[in-house]
Amino acid sequence: MTVDSTEDLFVDGLKHAYHTEQRLLDALEELEETSTNDELKSGFAEHREETQQQVQRLEEVFDQVDADAEAEEDPVVEGMIQAHEEFMDKDPSDEAADRFNIAAGQKSEHYEIAVYGNLIPMADQLGMDDVADTLERTLREEQDELDSLSEMGEEFDYGELTVSE
């Protein structure tokens, strides 16, 4: 596919967003499973349910713009998933895994915020007000999740981790 118009660029971005959300469904399950803090586990489980709704919304957006709902691999999200796998291979303590998972969640939220923050102005420019509204809803959800994770990170008790000597 040649990308030579704003609409082409928008659809290409949607495909990357679709891949990102689909991959994060599995990643959120992994984050939940590798976390020990109940609040953190619950947050990842809730965000996974929200992400399922976001995937469905993206499918609706594909319909609205008359494009096939196809995922195009996004190397950024693949890199974040790989980084988590590599960290877990180091057999971290429960506390270290929890703090790493908070950071991993924050990174993915920042990325998703950037993705939707770029798609919304294109939808606006293309006169797709309903599509922009749908994407803005998802953007707000991602921002809320980032706020929640950031609060957990700020309140994390580093005293639970042993000090290296």
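Key figures
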item	result
Using θ = phi - 60° and Karplus 6.51 cos²θ - 1.76 cosθ + 1.60, couplings along the range 15-27 (whole Hz; Gly, Pro as x)	5, 5, 4, 5, 4, 4, 5, 5, 5, 6, 4, 5, 5
Most mobile of Glu109, Glu21, Glu155 in a GNM of the chain (Cα contacts under 10 Å)	Glu155
Exposure proxy ranking, count of Cβ atoms within 10 Å, fewest first, for Val76, Val11	Val76, Val11
Residues Val65, Val3, Val55, sorted so that the one with the fewest Cβ neighbours within 10 Å comes first	Val3, Val65, Val55
Gaussian network model of the chain, springs between alpha carbon atoms under 10 Å - residue of Gly43, Gly127, Gly153 with greatest fluctuation	Gly127
Mean-position separation - Cα centroids, the range 60-106 and the range 114-132, in angstrom	23 Å
Global geometry of the range 61-146, whether rounded, prolate or oblate, following the gyration tensor of its Cα atoms and the 1.5 cut on a/c	prolate
Projected area, mean over directions - the chain, Cα convex hull, nm²	10.2 nm²
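Every number here is computed from the coordinates shown, using simple stated rules; none is lab data. Here the structure is a predicted model, which means the values were calculated and not measured. So basically every Cβ, Gly included, is an ideal-geometry build from the backbone, and we count neighbours across all protein chains shown.
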